[in-house]
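Remarks on the structure that follows.
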Amino acid sequence: MSTERRKQLFRLLGDLPDRRKTSTEILRIEEREGYIIETLLLDLNGHEKVPAYFVKPKSAEGLCPAVLFQHSHGGQYDRGKSELIEGADYLKAPSFAREFTSLGYGVLAIDHWGFGDRRGKTESEIFKEMLLTGRVMWGMMIYDSLRALDYMQSRPDVQPDRIGTIGMSMGGLMAWWTAALDDRIKVCVDLCSQVDHHVLMKTKNLDRHGFYYYVPSLAKHFSASEIQSMIAPRPHLSLVGVHDRLTPVEGMDKIEKELTAVYAGQGASDRYRMIRSASGHFETAVMRHEAVRFLQKWL
């Protein structure tokens, strides 16, 4: 995928802040069974500080591979980054913090705009204010994720060339967009987030998704699989439920067919998989098993 196409996608994301030096405040350090939680305040975007958690194994010696965990939406604006530690009713146990630190990974999770410790303005108010001022909510969310990568690479306990990303639902969309736009993501795993926007329009399913995801003119220039093809040939696993009404099967079929061809064309067929569960919009035991196996193989 050409650099020009990636630049074109960035242009659709509205006016983004200038890349400045990030700064960090450590607010608290706690020990849990098997891992350490750092509560952080990151200066990423120049508009508002971004609360975050970084977790790492207690037993870690030297540098850890790391995962950027992208939280879901679920209408749970009070949750945000705490999903990493506490999980959610549609995620399997143990929490991703416990799961990944037990495997030797460090994990960063940030509160996205309107969630967790950044809640106060509603999602629709944030969306409208940004639209009026030349910004795009999804673009600003993506920007925070890209700057979070800058922060991860700056940490003395993270292997800067071994960073992956994972997320469920909104977090899964964020995972594959971030991986598409930044080669520093070496492995991408997304759960319940294979949405083709053209199919959403065709099947009259646009209202199943929140305001945050609507990027002006996106459908004129990119399909979902064209964005995701920018991840190739890096490893990419999509875990989907065939009864998930937020991700119509017609769209999943289209994405899988097109990405399978892209990866085959780059001699990397073993690095892309879409695995389907006979389930709805939630993480299954199979999804967790496959996500862990994929990360262990490629990260």
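Every number in this text was worked out from the coordinates using simple rules, so none of it is lab data. Predicted model, so just to flag it, every value in this text is computed and none were measured. Every residue, glycine among them, receives a Cβ derived from its backbone with ideal geometry; neighbour counts consider all protein chains shown.
Restricting the count to DSSP beta bridges whose residues both fall in the chain, what percent are antiparallel, rounded to a multiple of 5?
Restricted to the chain, the bridges split so that about 45 percent are antiparallel.
Taking R0 as 22 Å, what's the FRET efficiency between ALA264 and HIS289 from their Cβ-Cβ distance, rounded to 0.05?
0.30
Please list the equivalent ellipsoid semi-axes of the stretch 21-103, computed as the square roots of five times the alpha-carbon gyration tensor eigenvalues, in descending order and whole angstrom. All intermediate terms of the calculation are to be shown ahead of the outcome.
Details: eigenvalues 86, 74, 22 Å².
The answer is 21, 19, 11 Å, longest axis first.
I need the P(r) histogram for the stretch 206-247: all alpha carbon pairs, bin width 5 Å from 0 out to the longest distance, whole percents.
5, 15, 19, 25, 23, 12, 1
Give me Rg/Rg_expected for the stretch 249-299, where Rg uses Cα atoms only and Rg_expected = 2.2 N^0.38 Å with N residues.
Relative to the 2.2 N^0.38 Å estimate, the stretch 249-299 comes out at 1.27.
Assigning unit charges at the beta carbon (Lys, Arg +1; Asp, Glu -1) and nothing else, what dipole magnitude in debye, to the nearest 20, does the chain show about its Cα centre?
For this selection, approximately 540 debye.
For the pair LYS58 and GLU125, how long in nm is the line joining their label points, each one 7 Å along Cα→Cβ?
The modelled label-to-label distance comes out at 4.2 nm.
Give me the aspartates and glutamates in straight-line cross-link reach of LYS56: C-alpha distance below 19 Å, same-chain residues under 8 apart excluded.
Straight-distance partners of LYS56: GLU25, GLU30, GLU31, GLU33, GLU38, GLU83, GLU86, GLU99, ASP111, ASP150, ASP157, ASP161.
Between their Cα atoms, which of LYS92/LYS128; LYS204/LYS257; LYS81/LYS202 are more than 31 Å away from each other?
Listed pairs above 31 Å: LYS92/LYS128; LYS81/LYS202.
Could you give the Stokes-Einstein D for the stretch 3-298 in µm² per second, using the C-alpha Kirkwood radius, 10 °C, 1.306 mPa s?
Reported coefficient: 83 µm²/s.
Among 23-31, 98-106, 149-157, 72-80, what's the highest-first ranking by average C-beta atoms within 10 angstrom per residue?
So the peptides 23-31, 98-106, 149-157, 72-80, ranked by packing, come out 98-106, 72-80, 149-157, 23-31.
Could you give the size of the charge dipole of the stretch 36-102 about its Cα centre, using +1 on the Cβ of each K and R and -1 on the Cβ of each D and E, expressed in debye and rounded to the nearest 20?
140
Sort the following peptides by mean Cβ neighbour count (other Cβ atoms within 10 Å, averaged over residues), highest first: 210-217, 281-288, 192-199.
Descending mean neighbour count gives 192-199, 281-288, 210-217.
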